[in-house]
1. Give the number of residues within the stretch 84-104 that are within 19 Å of residue 326 (Cα to Cα) and either among the β-branched types (Val, Ile, Thr) or at pLDDT below 95 (or both).
2. Is it true that residue 209 is in a strand (DSSP E or B), aliphatic (A, V, I, L, M) and closer than 30 Å to residue 24 by Cβ?
3. Counting only residues that are among the charged types (D, E, K, R) and either surrounded by fewer than 24 Cβ atoms within 10 Å (Cβ to Cβ) or in the same structural domain as residue 269 (by TED's automatic domain parsing) (or both), give me the strands (runs of 3 or more DSSP E) lying completely in the stretch 87-153 with at least 2 of them.
4. Can you work out which of the residues in the stretch 241-262 that are in a loop (DSSP other than H, G, I, E, B) and of a type outside the set (Phe, Trp, Tyr) is nearest to residue 296 (Cα to Cα)?
5. When you scan the stretch 288-320, how many residues do you find that are within 17 Å of residue 372 (Cα to Cα) and in a loop (DSSP other than H, G, I, E, B)?
6. I need the full set of residues from the stretch 182-207 which are of a type in the set (Ser, Thr, Tyr), surrounded by fewer than 24 Cβ atoms within 10 Å (Cβ to Cβ) and under 16 Å from the mean Cα position of the chain (by Cα), in order please.
7. Within the stretch 38-51, which residues are at pLDDT 95 or above and surrounded by 15 or more Cβ atoms within 10 Å (Cβ to Cβ)?
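The values are calculated or read from the model by the stated rules, or taken from the named source; none is laboratory data. This is a predicted model, so every value here is computed, not measured. As a convention, Cβ positions derive from the backbone with ideal geometry for all residues, glycine included, and neighbour counts pool all protein chains shown.
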Amino acid sequence: MESTSTAARKVKKSFAFFDLQAQFASIRLEILQAVESVLESQHFIMGQQVELFEKEAGAYVGSPHAVGCASGTDALYLALCAQGVGPGDEVITTPFTFVATAGSIARTEATPVFVDIDPDTFNIATDLIEPAVTEKTRAILPVHLFGLAADLRPIQQIADNYSLAVIEDAAQAIGATYYGQKVGSIGDFGCFSFFPSKNLGCAGDGGMVTARERAMADRLSLLRAHGTRKKYHSEIIGMNSRLDALQAAILRVKLRYLDTWIQARQDRAALYAKLFDQYDLTSFITSPSAPSHCGHVYNQFVIRCDDRDALRDYLQEQGVPTAIYYPEPLHLQPAFAYLGYAKGSMPQSEKACLNSLALPIYPELPADDQERVVSTIAEFYKSQVHHTRGNGTHE
């Protein structure tokens, strides 16, 4: 018979928040063959693999033009530069996102203008955008956060009314849909990241910009390669942000599996929702919501919960991994202090930073691990209720 301590150690054995090795194991031979073909060719910078990936990824997104680049951060910066955003301009975006969104605006020497989020979707609150428009506004940069499309119809209407560009930050949302149309094909530009943990991830950094207009795609191609079409002749000031052929070859393999992986993520999100009901947790946590016209791809599965920090500590003690996206809104971070936003100016974003928690979700996540996540959450809240009743404070 096992000792109590041995049993306890087994209960607390941790598992992965995200398992890239499981994905690699399922397509190992195809990936190795793709990498070997590039190594045999010795063509590492641009070339056929990049061109083919741009064609295939553009077709997948539904955009007429796609330009590979070195990262999702560069994708945002390149789109802004292609649009001509620069000193004295303003770009409206959300403070509840990764720093690259606003940081890319700042890199152009334009001013990020923050608008608070919708508490139900975590995405930019569309009713707050128009009041933020000024004569200096050049673009709106909505983020499709966690894999859920922002509400683009009213955003596009505002953009049309004021002659603004719409630059979609789709870094977390490749394959997500809005009224049946894939994100990245709706605005003037779509910006994608292929960081390894993304739904479509490469073996390092990589990114892509989609564009509606040929002229903008040509400008993006110039900008990513030092402003050159032919060697040693620069037409404009650009940068070095080329997608490596090795990464393109890997992404071409993975792109064929993307819809299957998205369906697996959606299935796991549905199982979480079922388990929350089964364990009677709906009064303690709020599952991510997706409007009926949106296809959520769950790059992250982020709940709202009571006593977030205490819950996270308890889960960690029990070997259940979690993550916080994001612990601090951008408008309150030192890098953006020069913008002058005060605490309390973006209440929904600030609240989300305090009560949101990401649970494990990836295509190969075992159902048993999901049940363990939810049952451990239930144990935490059950103990909280019992503690409250024991103190005589619960009616």
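1. Of the residues in the stretch 84-104, 5 are within 19 Å of residue 326 (Cα to Cα) and either among the β-branched types (Val, Ile, Thr) or at pLDDT below 95 (or both).
2. Taking the combined requirement at face value, the residue satisfies it.
3. In the stretch 87-153, no matching strands (runs of 3 or more DSSP E) lie anywhere.
4. Restricting to residues being in a loop (DSSP other than H, G, I, E, B) and of a type outside the set (Phe, Trp, Tyr), the top hit is 256.
5. Number satisfying all stated conditions: 3.
6. Result: 197, single match.
7. Within the stretch 38-51, 38, 49, 50 qualify.
Yes/no matrix, rows are residues, columns are (1) farther than 27 Å from residue 150 by Cβ; (2) crowded, with 16+ Cβ neighbours inside 10 Å; (3) touching a residue at least 40 places away in the same chain (Cβ under 8 Å); (4) touching a Cys at 6+ places or on another chain (Cβ under 6 Å):
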residue: 293; (1), (2), (3), (4): no, no, yes, no
residue: 305; (1), (2), (3), (4): no, yes, yes, no
residue: 320; (1), (2), (3), (4): yes, yes, yes, no
residue: 336; (1), (2), (3), (4): no, yes, yes, no
residue: 357; (1), (2), (3), (4): no, yes, yes, yes
residue: 384; (1), (2), (3), (4): yes, yes, yes, no
